[in-house]
Structure formats: C-alpha cells, structure tokens
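In what follows, a structure is listed as structure tokens, so that the remarks can point back to it.
Taken together, the values in this text are just the output of simple stated rules run on the coordinates, not laboratory data. All values derive from a computational prediction rather than experimental measurement. So basically every Cβ, Gly included, is an ideal-geometry build from the backbone, and we count neighbours across all protein chains shown.
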Amino acid sequence: MAQKRVSVRLVAEGGRQVKAEFQGIGEAGENNFKRIERQADITGAVVRRVMGVLGAAISTRQLVA
C-alpha cells in the first residue's frame with residue numbers, strides 16, 4: 001500500500017483561529033476516510049458478486065461433467 005505524508009504548517013494569531021484551522025483539517029480528513037470506506041464497500045460488493053457468479057459457473061460445470 002502506498003503511503004502519503006502530509007505536512008501542515010499553521011500560522012495564526014489567536015486561539016480561536018488555530019482551533020478553527022485544526023477543526024477544518026479534522027473534518028477534511030474524516031470526509032476523506034468516509035469516501036475511502038464507501039469505495040471499499042462498493043469494491044467488496046463487486047468482488048463478492050463476481051465470486052458468486054464464478055462459484056455458480058464452477059458448480060454447474062461440475063454437474064455437467
């Protein structure tokens with residue numbers, strides 16, 4: 001699996017601005033993880049469907065032979 005490194009440099013005056021910047025980073029990361037999770041779920045469903053079709057085809061071939 002490829003690894004990516006992210007470097008973030010925050011320059012802000014005042015605690016509220018710093019807090020807002022960190023919240024934005026956290027929300028963006030959470031949204032990206034949710035997107036990756038949805039894609040993995042879709043991919044898993046497709047793989048299960050393909051394996052089911054292959055299993056049925058192999059079973060049918062066994063019955064015919």
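Side notes on the structure shown:
- Listed residues G44, G24, G15, most fluctuating in the chain (Gaussian network, C-alpha, under 10 Å): G15
- Label-to-label distance, nm, for residues given as V6 and V18 (7 Å Cα→Cβ offset): 2.0
- Here, the chain yields an orientationally averaged convex hull projection of 6.1 nm² when only Cα atoms define the hull.
- Helix-derived mean residue ellipticity, 222 nm - over the chain, DSSP H n ≥ 4, -39500 (n - 2.57), to 500: -29000 deg cm²/dmol
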